[in-house]
Amino acid sequence: MDNENSRVAVIGIIVEDKNQAENVNSLLHQYAGYIIGRMGLPYQKREMSIISVVVDAPADIISALSGKLGRLPGVSSQALYTKA
């Protein structure tokens with residue numbers, strides 16, 4: 001990977017529709033080569049799951065993954081980038 005064009009980011013994902021879990025996991029699998037780590041927390045009280053994914057990838061890849069996740073019904077996604 002070209003570190004010069006690469007950014008580190010955290011993608012926050014909120015899954016409110018549990019039926020989308022397989023689609024979320026499929027997208028994350030497609031981008032597995034860029035993922036540094038992942039943490040998922042089921043929040044039973046609100047019937048949702050919160051996932052944070054740390055990636056090291058070019059900005060367009062990060063944006064594409066976050067956008068694809070956010071377009072799934074019942075899923076929200078937002079990326080937070082490093083400054084460098």
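The values are calculated or read from the model by the stated rules, or taken from the named source; none is laboratory data. None of the values given here were measured: they were computed from a predicted structure. Note that we place each Cβ from the backbone using ideal geometry, even for glycine, and neighbour counts take in every protein chain shown. Each accessible area value is taken on the protein alone, full model and side chains, heavy atoms only, with ligands, DNA and RNA left out. Shrake-Rupley method; radii C 1.70, N 1.55, O 1.52, S 1.80 Å.
Things to note:
- For the chain, calculated [θ]222 nm from helices alone, where every DSSP H run of n ≥ 4 adds -39500 (n - 2.57): -8000 deg cm²/dmol
- Kirkwood Rh (inverse of mean 1/r, distinct Cα pairs), the chain, angstrom: 12.9 Å
- Accessible area ranking (1.4 Å probe, heavy atoms, ligands and nucleic acids excluded), largest first, for 43, 31: 43, 31.
- Inter-label distance for residue 82 and residue 5, nm, one decimal - labels placed 7 Å from Cα along Cα-to-Cβ: 1.8 nm
- Spin-label zone in the stretch 41-81 - amide nitrogen under 12 Å from a point set 7 Å from the Cα of residue 16 along the C-beta vector: 47-49, 73-77
- Once the Cα atoms are used to define both axes, helix 21-30 deviates from the longest principal axis of the chain by about 10 degrees.
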